[in-house]
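What follows is one structure encoded as structure tokens, with my remarks underneath.
The values are calculated or read from the model by the stated rules, or taken from the named source; none is laboratory data. If you're wondering where the values come from, they're calculated on a predicted model, not measured in any experiment. Neighbour counts run over all protein chains shown; Cβ positions are idealised from the backbone, glycine included. Ligands, DNA and RNA are excluded from the accessible area calculation, which covers all protein heavy atoms including side chains. Shrake-Rupley method; radii C 1.70, N 1.55, O 1.52, S 1.80 Å.
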Amino acid sequence: MLSALWLVGCCLSPLAAAERAVVHHDLQVVVQPGDARIEVVDKITLPQRFKAGQDLAFSLHRGLVIEGEVGSDQKQFDETQFAVPVSHYQVTPAGREVTLRYSGRIFHDITQYGHDFAATVESSAGMISPQGVFLAGSSAWYPITEATDVSFSLSVKLPDGWHSVSQGGRTVNEGVTTWSEARPQQEIYLLAAPFAEYTQTAGNVEAMVFLRQPDDELAQRYLELTGQYIQTYTDLIGPYPYAKFALVENFWESGFGMPSFTLLGPSVIRLPFIPYTSYPHEILHNWWGNGVYVDYEHGNWSEGLTSYLADHLLKEMRGGAADYRRAALQGYANYVGEHKDFPLTEFRFRHGSSSQAIGYGKGMMLFHMLRRQVGDEAFKKMLQQFYADYAFKEAGYAEWQKVTEQVVGQSFQHFFDQWTTRTGAPELAVADVTVAALSEADGGGWLLRGQLRQHQGGSAYELQVPLYVSVEGEAEAQLFNVFMTEKQQPFELRFAAKPLRLDVDPNYDLFRQIAQSEIPAALSQAFAADKVLVVLPANANDALRLSYQRVAQHWERGYREGGEIVLDEELAALPADRAVWLLGRENRFVQQLPELQDRLHIEEGVAQLFDQSYPLSDYSLVLTAKNPQAPKQGIVWLINERPDAVLGLLRKLPHYGKYSYLAFEGDEPTNQLKGQWPVTNSPLAVVLPGGEALEPVIPRLAPLVE
Ligand SMILES: [Zn+2]
């Protein structure tokens with residue numbers, strides 16, 4: 001649910017600079033938040049290759065005025081790379097050093113962009129205010145020179161009680177705080193606010209927490225976890241690249257990960273699952289994205305890998321990895337239609353659910369398939385070598401391919417080509433499965449035969465397809481990997497005991513188009529549609545109908561092509577070309593949908609779901625079904641009889657997209673139940689004679705980290 005990391009600074013990163021030089025900034029800064037003012041002395045040291053007498057061109061925020069004589073630069077500039085209005089200058093330094101003094105005002109309001117149900121991203125292009133200071137490279141608050149990385153030392157004077165945060169390590173000398181980072185950075189951040197500060201040493205790294213209100217317990221929890229995550233990833237990948245990691249509370253709702261700190265919004269920080277989901281993700285970005293930089297020109301691999309080694313790994317440690325991967329495939333199936341698809345090499349950052357399903361979901365699956373193909377030991381070696389080779393340099397999928405080939409000793413050209421440059425996904429099927437007893441002359445035992453097929457358009461994908469076969473007398477299914485290179489590929493497997501059932505890719509180890517029957521109904525189906533029909537209950541009392549009307553208007557506005565609101569008594573049949581929201585326990589269309597009707601029973605104001613009671617005076621319930629006429633279209637049944645819970649529900653539901661059913665309690669409202677309907681008829685499962693009553697036990701891959 002957290003937003004893209006790269007929105008703030010993405011555009012400054014100069015592309016494809018063969019040899020990147022480093023400009024050093026020695027900055028002395030005074031900030032006056034009440035006047036939105038900043039005063040800066042910047043002693044700039046230019047790289048070795050800079051020759052005396054050469055002109056230095058740079059850009060600076062137009063609200064800042066430079067002292068003394070400075071020439072203006074007449075060249076044409078691409079203004080789109082800056083988030084703020086800038087002026088272009090040039091100076092001719094006598095040697096490799098030049099000092100600039102400037103001051104002025106920077107204030108850009110918080111604005112929203114990148115909007116769909118699940119993600120509204122807010123940011124400021126640069127702000128100095130009594131609430132706090134937020135300045136990034138794209139704010140052009142320091143002189144931005146062309147095609148260079150920066151290193152820096154940044155001394156900041158602030159009002160009493162204020163604290164600053166930037167990248168790297170901190171020293172405090174006679175009341176002046178200095179942040180410095182000697183290794184190449186893509187930009188320089190300056191954040192400040194009247195923070196309550198907490199620190200704790202974790203090995204060689206300082207864990208820090210900056211909160212806008214003191215909260216010892218919250219801070220302590222984050223400090224402990226910071227140490228643990230840094231240790232885990234240091235062991236897995238290599239040393240943490242910075243002197244500190246800081247959790248910084250922002251003054252708007254954000255989920256930014258910057259080098260050596262993360263900037264999270266006030267309610268995000270306090271969500272109970274964040275310390276185990278987004279937080280490790282942001283810490284891991286210090287290796288991927290803020291350690292090894294992304295070569296955006298060739299696709300952002302860092303979100304896929306970070307999701308894989310943070311979100312996915314934490315699920316894997318608790319036995320939930322297959323569910324996580326299925327949700328990723330479900331996201332791709334539900335959110336990415338043909339017209340929204342693009343190859344991984346074109347992923348820059350997420351701007352909605354479909355780009356997330358590709359950049360995070362498909363990207364994550366690429367690394368999972370790579371790991372399965374090379375094995376855990378080789379995969380770990382690759383992580384370590386990639387980090388050692390490319391830390392503080394830009395890298396892309398080509399570099400991943402190079403490291404893979406070095407470690408494994410064989411070509412991975414085809415693998416990277418098909419997963420990074422192609423759109424779409426393989427559509428697997430299994431056919432002609434037979435089982436036969438072999439004669440003594442043939443060695444005895446059983447022979448299982450069949451054919452794997454790929455139904456997608458275009459050429460065949462090369463896939464390592466996992467087949468799990470359950471045989472008589474064995475507790476767990478046996479795994480066979482079939483390397484598939486053609487669109488139709490026969491397989492033959494021999495067994496001593498009788499095979500009872502075949503499951504093709506039951507753990508969702510492959511990135512593929514999953515069949516509708518493998519996907520349980522989920523909220524994401526309803527949110528992914530282009531238009532909507534909201535059906536109100538005519539029989540509800542006036543107060544309830546009014547409250548449902550609010551829900552209806554909210555959803556109607558949220559869909560790209562809008563929608564309609566009708567009373568159930570005015571509607572003859574459910575349409576098949578859009579998402580449908582059925583509101584209210586009284587809604588008469590529920591009777592036409594056994595999937596809903598059979599699962600929830602309501603008597604005297606108490607709903608029964610899975611043998612649990614949910615009094616409707618306390619609980620709001622959400623159940624989903626597939627449209628019987630069009631299984632890709634989702635139907636959602638929402639029952640909420642607490643008008644004060646409406647706002648919270650509207651805000652929260654988009655974040656529960658992968659779930660089939662939900663129960664929320666109270667006005668907050670607090671989630672008490674969530675889950676997915678069981679999937680019972682996968683087309684990739686083949687029941688063989690004698691296996692009808694079998695519940696297959698599919699073994700799981702051991703976690704990458706114990
Ligand atoms: Zn991320």
Practice task
Report whether or not E692 is in contact (Cβ under 8 Å) with a residue 40 or more places away in the chain, of a type in the set (D, E) and open to solvent by 10 Å² or more (accessible area, probe 1.4 Å).
Solution key: no
Handout entry: Extreme residue, modelled with the lowest pLDDT, among residues of the range 118-135 that are within 30 Å of G558 (Cα to Cα) and open to solvent by 40 Å² or more (accessible area, probe 1.4 Å)
Key = T120
Handout entry: Which listed residue, of F261, F251, F245, is open to solvent by 10 Å² or more (accessible area, probe 1.4 Å) and closer than 28 Å to S180 by Cβ
Key = F251
Problem - Matching residues, the range 578-613, being open to solvent by 10 Å² or more (accessible area, probe 1.4 Å) and within 31 Å of the chain's Cα centre (by Cα) - result: R578
Exercise for the section: Within the range 298-309, identify whether any single residue is in a helix (DSSP H, G or I), more than 16 Å from the ligand (Cβ to nearest atom) and surrounded by 18 or more Cβ atoms within 10 Å (Cβ to Cβ), and answer yes or no. Expected result: yes
Problem - Within the range 492-526, tally of residues that are part of a helix (DSSP H, G or I) and at pLDDT 95 or above - result: 0
Handout entry: Members of the range 151-188 that are under 28 Å from the mean Cα position of the chain (by Cα) and either open to solvent by 50 Å² or more (accessible area, probe 1.4 Å) or of a type in the set (V, I, T) (or both)
Key = V165, R183, I188
Problem - Residues of the range 400-417 satisfying the condition of being touching a residue at least 24 places away in the same chain (Cβ under 8 Å), crowded, with 17+ Cβ neighbours inside 10 Å and either under 26 Å from G331 (Cα atoms) or of a type in the set (D, E, K, R) (or both) - result: W400, F415
Handout entry: Scope the range 43-66; condition touching a His at 6+ places or on another chain (Cβ under 6 Å) and closer than 12 Å to H88 by Cβ; matching residues
Key = S59
Problem - T434 open to solvent by 30 Å² or more (accessible area, probe 1.4 Å) and of a type in the set (V, I, T) - result: yes
Exercise for the section: Hand me the list of strands (runs of 3 or more DSSP E) wholly inside the range 390-479 holding 2 or more residues that are touching a His at 6+ places or on another chain (Cβ under 6 Å) and within 30 Å of E297 (Cβ to Cβ). Expected result: none
Completion exercise
Conditions (1) in contact with a strand residue (DSSP E or B) (Cβ under 8 Å, 6 or more places away or on another chain); (2) modelled with pLDDT under 95; (3) under 30 Å from E224 (Cα atoms) -> I110 fails only (3)
Exercise for the section: Within the range 355-381, work out how many residues are touching a residue at least 24 places away in the same chain (Cβ under 8 Å) and among the polar types (S, T, N, Q). Expected result: 2
Practice task
Determine whether the range 670-681 contains at least one residue that is basic (K, R) and either without any contact (Cβ under 8 Å) to a residue 60 or more places away in the chain or open to solvent by less than 10 Å² (accessible area, probe 1.4 Å) (or both).
Solution key: yes
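Here is a yes/no grid of residues against (1) exposed (fewer than 13 other Cβ atoms within 10 Å of the Cβ); (2) closer than 30 Å to P343 by Cβ:
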{"site": "T421", "(1), (2)": "no, yes"}
{"site": "G424", "(1), (2)": "no, yes"}
{"site": "V430", "(1), (2)": "no, yes"}
{"site": "L438", "(1), (2)": "no, no"}
{"site": "G444", "(1), (2)": "yes, no"}
{"site": "L448", "(1), (2)": "no, no"}
{"site": "G457", "(1), (2)": "yes, yes"}
{"site": "P466", "(1), (2)": "no, yes"}
Fill in the blank from the handout: Going through the range 203-225 in order, the residues found to be open to solvent by 30 Å² or more (accessible area, probe 1.4 Å) and not acidic (D, E) are G203, N204, R212, Q213, P214, Q220, R221
Practice task
Determine whether A378 is at pLDDT below 95 and either out of contact with any strand residue (DSSP E or B) (no Cβ under 6 Å at 6 or more places or on another chain) or crowded, with 21+ Cβ neighbours inside 10 Å (or both).
Solution key: no
Problem - Close pairs from the range 279-292: first within 10 Å of the ligand (Cβ to nearest atom) and open to solvent by 10 Å² or more (accessible area, probe 1.4 Å), partner part of a helix (DSSP H, G or I) and polar (S, T, N, Q), Cβ under 8 Å, at least 6 apart - result: H281/T306; H281/S307
Completion exercise
Flagged in the range 257-307 as in contact with a strand residue (DSSP E or B) (Cβ under 6 Å, 6 or more places away or on another chain) and of a type in the set (D, E), in numbering order, are E282, D295
Practice task
Could you check, for the range 379-387, whether at least one of its residues is within 16 Å of the ligand (Cβ to nearest atom) and closer than 30 Å to S151 by Cβ?
Solution key: no
Handout entry: Within the range 174-212, tally of residues that are more than 23 Å from Y142 (Cα to Cα) and in a strand (DSSP E or B)
Key = 14
Practice task
Out of the residues in the range 310-322 that are without any contact (Cβ under 8 Å) to a residue 60 or more places away in the chain and in a helix (DSSP H, G or I), state the one that is farthest from the ligand (Cβ to nearest atom).
Solution key: K315
Exercise for the section: Can you tell me which residue within the range 614-641, out of those that are hydroxyl-bearing (S, T, Y) and within 18 Å of D667 (Cα to Cα), is surrounded by the fewest Cβ atoms within 10 Å (Cβ to Cβ)? Expected result: S617
Exercise for the section: State which residue is most open to solvent (accessible area, probe 1.4 Å) when the search covers only the range 642-669 and only residues that are under 13 Å from L609 (Cα atoms) and of a type outside the set (A, V, I, L, M, F, W, C). Expected result: Y661
Practice task
Filter the range 326-365 down to residues that are part of a loop (DSSP other than H, G, I, E, B) and within 16 Å of the ligand (Cβ to nearest atom) and give me whichever is farthest from Y397 (Cα to Cα).
Solution key: G352
